[in-house]
Amino acid sequence: MNNIFGQESKFFKVMNTLGSIIGVSIMWLICCIPIVTIGASTIALYYTTAKAIRHETGYLTGEFKKSFKNNLKDGVIITVIYLFLVAVLYVDYMVINNLNSSFAVMLGGMYMLITLVMFGVFVYIFPAMSRFTMGKLGCFKLALLMTFKHLPSTILLMIIFAISVVLILLIPVPMIFVIPGLCYYVSTFIIERLLKKYMAKPETEEEKEKWYYK
């Protein structure tokens, strides 16, 4: 019994990881309340999940606060831009639904494609902003490139995110307190591998030991 519940047991590690996932999900939810801070909160969510939970480096609360503070301004700008684009697309969809023509069908298909591309960029841009210091535009370009260059991974990630959203909508409580962190925890196994392709190679043994190279 002691082996099962000991600190080195798989059960303890799983429960510890689950507790961390719930903790980071709650922090993300609280920091999303002003709405315009969703971007900064999501950057912090990915950063903390990848570093503190996945690679067990640093402290959960400290890493989240640091990332949120460092990316607050850029995160707010990205959030406002995305909310504006979503609002425009929604209005366009409503207009198209009231049209009965082949042109309306073509427009509907075009807007659906734009929506999927925006979804793909959404998946990558916050992890990119948590890792690189190339600015908002640079991270957007990188996210757009990754969306198309790693299409199979993009599709898989979009499915993971879509399932996460559906679970939260179907069972708001307790899923809202678990799914955000769990979604990004699972996603790190894909996204971290892709981000390494765009990172400079470590030049020293000290750099190789940094968590994001492991």
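The values are calculated or read from the model by the stated rules, or taken from the named source; none is laboratory data. These figures come from a predicted structure and were not determined experimentally. Here the Cβ is made from the backbone with ideal geometry for all residues, glycine too, and neighbour counts use every protein chain on show. Just so you know, the surface numbers come from the protein's heavy atoms only, side chains and all, with ligands and any DNA or RNA stripped out. Shrake-Rupley method; radii C 1.70, N 1.55, O 1.52, S 1.80 Å.
Screening the candidates LEU107, LEU45, LEU113, LEU29 for the property of being at pLDDT below 95 and surrounded by 12 or more Cβ atoms within 10 Å (Cβ to Cβ) yields one hit, LEU107.
Among the residues making up segment 175-202, those that are surrounded by fewer than 11 Cβ atoms within 10 Å (Cβ to Cβ) and assigned to a helix (DSSP H, G or I) are PHE189, LYS197. Mind counting the residues in segment 56-65 that are assigned to a helix (DSSP H, G or I), of a type outside the set (Asp, Glu) and open to solvent by less than 60 Å² (accessible area, probe 1.4 Å)? Going through segment 56-65 one residue at a time, the tally reaches 3. On inspection, ALA128 fails the criterion of being free of Cβ contacts under 8 Å to residues at least 24 places away in the same chain and either open to solvent by 40 Å² or more (accessible area, probe 1.4 Å) or not polar (S, T, N, Q) (or both). The set of residues in segment 148-167 being under 23 Å from ILE26 (Cα atoms), open to solvent by 40 Å² or more (accessible area, probe 1.4 Å) and in contact (Cβ under 8 Å) with a residue 12 or more places away in the chain consists of LEU167 alone. So is ILE35 farther than 11 Å from SER130 by Cβ, surrounded by fewer than 21 Cβ atoms within 10 Å (Cβ to Cβ), among the hydrophobic types (A, V, I, L, M, F, W, C) and without any contact (Cβ under 8 Å) to a residue 60 or more places away in the chain or not? It is true that ILE35 is farther than 11 Å from SER130 by Cβ, surrounded by fewer than 21 Cβ atoms within 10 Å (Cβ to Cβ), among the hydrophobic types (A, V, I, L, M, F, W, C) and without any contact (Cβ under 8 Å) to a residue 60 or more places away in the chain.
A quick yes/no check of all residues on (1) open to solvent by 80 Å² or more (accessible area, probe 1.4 Å); (2) farther than 14 Å from THR42 by Cβ; (3) assigned to a helix (DSSP H, G or I):
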residue	(1), (2), (3)
SER67	no, no, yes
THR79	no, no, yes
PHE84	yes, yes, yes
ASP92	no, yes, yes
ASN100	yes, yes, no
PHE103	yes, yes, yes
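Of the residues in segment 168-196, how many are within 16 Å of GLY19 (Cα to Cα), in contact (Cβ under 8 Å) with a residue 60 or more places away in the chain and of a type in the set (A, V, I, L, M, F, W, C)? Total satisfying the criteria: 5.
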